[in-house]
1. Ile98 - would you say it is part of a loop (DSSP other than H, G, I, E, B), surrounded by fewer than 22 Cβ atoms within 10 Å (Cβ to Cβ) and either in contact with a Leu (Cβ under 8 Å, 6 or more places away or on another chain) or at pLDDT 95 or above (or both)?
2. Before we move on, is Glu185 in contact with a strand residue (DSSP E or B) (Cβ under 7 Å, 6 or more places away or on another chain), touching a residue at least 60 places away in the same chain (Cβ under 8 Å) and more than 30 Å from Ile98 (Cβ to Cβ)?
3. How many residues does the stretch 51-74 contain that are crowded, with 22+ Cβ neighbours inside 10 Å and part of a loop (DSSP other than H, G, I, E, B)?
4. Any residue in the stretch 158-172 that is within 25 Å of Asp77 (Cα to Cα) and touching a residue at least 60 places away in the same chain (Cβ under 8 Å)?
5. Since Asp77 meets every condition but one in (1) surrounded by fewer than 19 Cβ atoms within 10 Å (Cβ to Cβ); (2) under 20 Å from Leu127 (Cα atoms); (3) modelled with pLDDT of 95 or more, which condition does it not meet?
6. Name the helices (runs of 4 or more DSSP H) wholly within the stretch 115-209 that hold at least 2 residues that are crowded, with 18+ Cβ neighbours inside 10 Å, more than 13 Å from the chain's Cα centre (by Cα) and aromatic (Phe, Trp, Tyr)?
7. Among the residues of the stretch 118-136, count how many are out of contact with any Asp or Glu (no Cβ under 6 Å at 6 or more places or on another chain) and among the hydroxyl-bearing types (Ser, Thr, Tyr).
8. Suppose we keep only residues that are part of a loop (DSSP other than H, G, I, E, B) and modelled with pLDDT of 95 or more within the stretch 1-27. Which one would you say is nearest to the chain's Cα centre (by Cα)?
Amino acid sequence: MIASAGNPASPAAGKPIICIDAGHQGKGNNDKEPIAPGSKTMKPKVSSGTRGIATGKPEYKLTLEVALKLEKALADDYKVVMIRRSNEVNITNRERAIRCNNAEADLVLRIHADGSDNKSVQGMSFLYPSAKSRYTRDIAQESLAAAKVLSEAILRETAAKSKGLIPRDDLTGFNWSKVPSVLIEMGFMTNRKEDRLLSTPEYQDKIVKGIKAGLDLYFNPG
């Protein structure tokens, strides 16, 4: 079953609810919002993201390509809530987290790609909310557990280099989340080889297949 974040469908009995957030959007929003509930620390509502050094493709287009494939792959076995299906949106990181909270998601998947000044850097990273933050300590353990299973499945499928599991306490999307959340950095768009690879349908399919396998194992262990 597939629902939009703005108009969730009726709960699907026995089906885990997965909220898919394709990172960024067509136009960044540099207006500020609190990094966490009650915090005086402010960050841009949505950054512009990175861009492919070889393809010229912006991150927001890549993340949506993969998110839409993932939506289809999960439709039979999960209730899927999509934060966006278009690049022409204006949804802040805080709003994205709140929509997933309101959907009572069992897990949030934040789909992103990485960038670095060092053009040789490549590989996947798996970010999760820090247990040391008062804003995310309640979801940190489950988020880490999901990140571990997902990372193993995705790396097995893609044979990508792993940059590890990374706890974060400075991400608005994590700090406003009340449900477990994992951010997948699919690779570096600033690395020519990896940038080209990320835009191939075959590699995107491997990423999606890995995510699906990881979710199946996480929600149906043993």
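The values are calculated or read from the model by the stated rules, or taken from the named source; none is laboratory data. Being a predicted model, the structure only gives us computed values, none of them experimental. FYI the Cβ positions are ideal-geometry reconstructions off the backbone, even for glycines, and counts take in every protein chain you see.
1. no
2. no
3. Looking only at that region, the number is 1.
4. No, because not a single residue in the stretch 158-172 is within 25 Å of Asp77 (Cα to Cα) and touching a residue at least 60 places away in the same chain (Cβ under 8 Å).
5. Looking at each condition in turn, Asp77 falls short on (2).
6. none
7. 4
8. Within the stretch 1-27, the match that is nearest to the chain's Cα centre (by Cα) is Gly23.
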